[in-house]
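Undergrad: Take this structure, written in structure tokens, and hold onto it; I'll ask about it next.
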Amino acid sequence: MLNALRRKLRHLEPSVRALLGRTALAGALPWMERHALFRFQREPLARGVAAGLFCGLIPGPLQLVGTVGACAWLRGNVVAGAVTTFYTNPLTTVPLYVLAFQMGSAVLPGEQSLPPFNADGPAGAFSVQALAEWMQALGTPLLVGLPVLGLVLAALGYAIVQALWLAPVLQRGRRLQRARALRGTP
């Protein structure tokens, strides 16, 4: 399973490099190569996933730029980080922002109430302007809650990648212990 995941991530690497080549980061690709930001090992993958989960909460097109910067700072895998940012999309933004608002409300003193969400425009259809106004009405609890939620998600993502990577090693160790016990060797 892990080898299949590694192959899939390596398969995505050329398209991520091409995407980076079309952005303002195109000049940074040689630097990224020198700093091994495309390594497919346990620690860089875990750091890349953590960076992607944290930076996925950044609004709009700055997610990828933020993820590449965080991966460069943390020496994380850029491909894993870039792919991980896709957990935020038009379907997940509102629930994530509500969760961030709740986390920010829990951290801040006083009581904050969640403003009602109504993203209908003048014709009853979805309106980006109405969504932006609702996000602005979330105010300080959202501003505090987004980094808190990002840190929680990053820590969980890092731990999950570490656990998934080490699970086969632990299973192999258990099998070896059972085999030694059956043979009667210490």
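Bear in mind that the values in this text are calculations on the coordinates, not laboratory data. Since the structure is predicted, the reported quantities are computational estimates derived from the model, not experimental observations. Backbone-built Cβ (ideal geometry, glycine too); neighbour counts: all protein chains shown.
Undergrad: Taking only Cα atoms, what is the 0 to 90° angle, nearest 10, from helix 62-74's long axis to the longest principal axis of the chain?
TA: Approximately 40 degrees, to the nearest 10.
Undergrad: What does the charge count around residue 169 come to, taking other residues whose C-beta lies under 12 Å from its C-beta (Lys +1, Arg +1, Asp -1, Glu -1)?
TA: Around residue 169, the charge tally is +4.
Undergrad: Place +1 on the Cβ of every Lys and Arg and -1 on the Cβ of every Asp and Glu in the chain, take the dipole about the Cα centre, and give the residue among 53, 97, 181 whose Cα lies farthest towards its positive end.
TA: With unit charges placed on the Cβ atoms, the residue in question is 181.
Undergrad: Add -39500 (n - 2.57) for each DSSP H run of 4 or more in the chain, then divide by its residues: what number comes out at 222 nm, to the nearest 500 deg cm²/dmol?
TA: Calculated at 222 nm, the ellipticity per residue is -24000 deg cm²/dmol.
Undergrad: Same structure again: Please work out which option in [x] 15.9; [y] 14.0; [z] 9.8 gives mean projected area of the Cα convex hull in nm² calculated from these coordinates, and answer with its label.
TA: Computed from these coordinates, mean projected area of the Cα convex hull in nm² corresponds to label [x].
Undergrad: Angle, helix 2-21 long axis vs. longest principal axis of the chain, Cα atoms, 0 to 90°, nearest 10?
TA: 50
Undergrad: While we're here: Taking springs between alpha-carbon atoms closer than 10 angstrom, which of 89, 77, 118 fluctuates most in the Gaussian network model of the chain?
TA: So, out of 89, 77, 118, the one fluctuating most is 118.
Undergrad: Using only Cα atoms, tell me the angle between helix 128-183 and the longest principal axis of the chain; keep it within 0 to 90° and round to the nearest 10.
TA: Orientation of helix 128-183: about 10 degrees from the principal axis.
Undergrad: Could I ask something else about it? If you build a Gaussian network model of the chain, linking Cα atoms that sit under 10 Å apart, which residue out of 136, 171, 102 swings the most?
TA: Of 136, 171, 102, the Gaussian network model singles out 171 as fluctuating most.
Undergrad: Rounded to the nearest 0.05, what FRET efficiency do residue 127 and residue 42 have when you use their Cβ-Cβ distance and R0 = 41 Å?
TA: With a Förster radius of 41 Å, E is 0.40.
Undergrad: Going by a ≥ b ≥ c, the root eigenvalues of the Cα gyration tensor, does segment 59-161 fall in the rounded group (a/c under 1.5), the prolate group (a/b larger than b/c) or the oblate group?
TA: oblate
Undergrad: Specify the residue with the greatest mean-square fluctuation among 78, 107, 152, computed from a Gaussian network of the chain linking alpha-carbon atoms under 10 Å apart.
TA: 107
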